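The values are calculated or read from the model by the stated rules, or taken from the named source; none is laboratory data. Treat the numbers as computed from the prediction; the structure is a model and nothing was measured. With ideal geometry, Cβ positions are generated from the backbone for all residues, glycine too; neighbour counts draw on all protein chains shown. SASA here: full protein model, heavy atoms, side chains in, ligands and nucleic acids out. Shrake-Rupley method; radii C 1.70, N 1.55, O 1.52, S 1.80 Å.
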Amino acid sequence: MVDLSDLERDALTELVNMGVGRAATHLSRMVADQVLLSVPSIEIVSRNDAAGLLAAREKMSLVAVEQRFEGSFSGRALLIFPETNSLELARAVLGSELSLEEIVDLEQDALAEIGNIILNGCLVVMANTLKDNLDISLPSVLRGDSDRIFQSNGPNPDELVMFLYIDFLIRSRSIRGYIALLMGLSSLESLKGLIHGFIDRIASGTPDGTDRV
């Protein structure tokens, strides 16, 4: 397990909030309405614990948008919603003038686009702020229970999960969801090192990495 100090956790939470803030701005333009996103907490747990945590909170089927990322830290990013909330989210984005049947037909594409905006917002802001570059895949949509969402389908069966609860307000609809970043131990250690560098730059008064004059 990778332990984060309070300072490292605060810095990481701030980075993710910066990322979802950028995503909220893009979504606001898409729907021509205010979108509020925030990440109040971050936990690092095993995949099994993440699945158990999600199962305890969500009794209904889940929908997740997945994107893979590679760089100094690599893994999978998931945006997860209860299935009932995902339909509400699609309706909020597509507009209330569409029929339920039309929304259901377009739901998967709408969710993939929303996931792309939110996950890219988080990953790109994190990478840019930490002075790293990430290659990010196109989004895919998964459906099932928490075990299905968190099952291992890559080279890191013992990967850990950075589990984030998000508050999501769009068109006056309050929608809960989760962001999960699944990474192997070496990637998490690399991310921790980059966060340390970011904290050091803040402490020295040079968060952009330039030398002080």
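Here are the numbers for this structure:
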| read-out | value |
| --- | --- |
| Residue selected from segment 37-51 under the condition touching a helix residue (DSSP H, G or I) at 6+ places or on another chain (Cβ under 6 Å) and under 15 Å from Gly121 (Cβ atoms), by the criterion surrounded by the most Cβ atoms within 10 Å (Cβ to Cβ) | Leu37 |
| Complete set of residues in segment 23-52 that are closer than 19 Å to Tyr165 by Cβ and among the basic types (Lys, Arg) | Arg47 |
| Residue match in segment 166-178 (condition: part of a helix (DSSP H, G or I), open to solvent by less than 50 Å² (accessible area, probe 1.4 Å), at pLDDT 75 or above and not aromatic (Phe, Trp, Tyr)) | no |
| Sole exception among (1) aliphatic (A, V, I, L, M); (2) in contact with a Lys or Arg (Cβ under 9 Å, 6 or more places away or on another chain); (3) open to solvent by less than 20 Å² (accessible area, probe 1.4 Å) for Leu98, by number | (3) |
| Yes/no for Asn85 being under 18 Å from the mean Cα position of the chain (by Cα) and farther than 21 Å from Arg29 by Cβ | yes |
| Only one of Phe163, Phe198 that is closer than 18 Å to Arg9 by Cβ, assigned to a strand (DSSP E or B), at pLDDT 80 or above and open to solvent by less than 70 Å² (accessible area, probe 1.4 Å) | Phe163 |
